[in-house]
1. I need the full set of residues from the range 275-293 which are in a loop (DSSP other than H, G, I, E, B), closer than 14 Å to Arg246 by Cα and open to solvent by less than 10 Å² (accessible area, probe 1.4 Å), in order please.
2. Can you pull out every residue in the range 184-207 that is open to solvent by less than 10 Å² (accessible area, probe 1.4 Å) and not aromatic (Phe, Trp, Tyr)?
3. I need the strands (runs of 3 or more DSSP E) fully contained in the range 12-115, keeping only those with at least 3 residues that are open to solvent by less than 60 Å² (accessible area, probe 1.4 Å).
4. What do you reckon, is Leu172 at pLDDT 95 or above and within 30 Å of Glu37 (Cα to Cα)?
5. Pull up the range 166-183, narrow it to residues that are charged (D, E, K, R) and part of a helix (DSSP H, G or I), then point me to the one that is least open to solvent (accessible area, probe 1.4 Å).
6. Tell me the residue from Ala306, Ala317, Ala262 that is within 30 Å of Asp94 (Cβ to Cβ), open to solvent by less than 10 Å² (accessible area, probe 1.4 Å) and either in contact (Cβ under 8 Å) with a residue 40 or more places away in the chain or assigned to a helix (DSSP H, G or I) (or both), please.
7. Looking at Phe99, Phe87, which is the one that is free of Cβ contacts under 8 Å to residues at least 60 places away in the same chain, under 21 Å from the mean Cα position of the chain (by Cα) and under 29 Å from Ala117 (Cβ atoms)?
8. Find the residue count for the range 20-78, including only residues that are polar (S, T, N, Q) and either under 23 Å from the mean Cα position of the chain (by Cα) or closer than 24 Å to Gly282 by Cα (or both).
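The values are calculated or read from the model by the stated rules, or taken from the named source; none is laboratory data. Computed from a predicted model, the values in this text were never measured in an experiment. As a convention, Cβ positions derive from the backbone with ideal geometry for all residues, glycine included, and neighbour counts pool all protein chains shown. Please note that ligands, DNA and RNA were not included when accessible areas were found on the heavy atoms of the full protein model with its side chains. Shrake-Rupley method; radii C 1.70, N 1.55, O 1.52, S 1.80 Å.
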Amino acid sequence: MDTFEVLSKLTAAHGVSGDEGEIRSLIRTLAEPYADEIYEDVMGNLIVRKKGSGAKVLFAAHMDSIGLVATNIDTDGFVRFATLGGFAVPDLVDQTFRFANGAYALCCPKEDKLESAKKRDLYLDVGAKDETEAKELIAVGDTAAYVSPLKRLGSSRISGCYLDNRIGCLALLQALEGIKHPANDLYFVFTVQEEVGTRGAKPAAFGIDPDYGIAVDVTCPDDVPGSEHDGTTYLGKGAAIKIMDRSVICSAALVRSLNELAKERNIPVQQDILSCGGTDAGPIRTTRGGVMTGGISIPCRYTHSALELCDLADLDACVRLITAFCEKEQPRV
């Protein structure tokens, strides 16, 4: 797969939490050539199986994104909204959003709230002359997502919207493409509704009942001016092996195994401890009687903004580590 081309398509696809149809269809098309079995569960998770004789291993990367949902259209054609997932007000103001049907909207604050706007002071301008025209463009309940095409920065870095977590989805797709001899029974799960409470991963894990579960997601790095040291990772220093975040304390044995494997294969890695946020690792860890769970993360600056930034070298290390784990026979738990 061409990394930039495929990631551009993934980040542009609509997939706000609860409305993941477009991104699910795209990922299914990309994954089908490498799958022994592919299906969708009741929640909407896309499950791609690559059969092997060893332990049952689940990799999870959430395909949903944060976004907006229209809640009211006033008589002048302006749209009020609720947020799906975590947004800070500065990341909303003056941004362009696109609804699933292609209608564009500008997120603006009330004139008298330019300096002190809160979410309730914001509205969407869809360019309508009045309520009637606005309702021809969108309806209450429609979802909207950032518009910010993927861009190259420097020698190996990229920026745009929804690298959280379309870059994790790409990591699974590239690993799926590269695995030649799976030593384990592999389930690559592209989960839904992670951004609104990691809701998709638990039923997926319950249904699969894996020996191992590994969440592949982004993590907040500790490498920008004024960092408060909420994280431990740096862009460009390799795949981040998760030790813990607010949703999970990972299995110590699996953390050791991933680090040993990285050392054996000369894969650059770093340790991921995050004092805020969570991933699909949390619900996977506590499914059924408990699952041996870990995480492989990609450092990402400015998460939940339209200008997220990652290093492709970290993506490459992540793909290599996933592939190595899949091709090494793991003991059944």
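1. Matches in the range 275-293: Thr279, Asp280.
2. Residues satisfying the conditions are Asn184, Leu186, Val189, Thr191, Val192, Gly200, Ala201, Ala204, Ala205.
3. 46-50, 56-62, 67-73, 78-84, 96-99, 104-109
4. yes
5. Arg166
6. Within the list Ala306, Ala317, Ala262, the selection yields Ala306.
7. Going through Phe99, Phe87 in turn, the sole match is Phe99.
8. Selection size over the range 20-78: 4.
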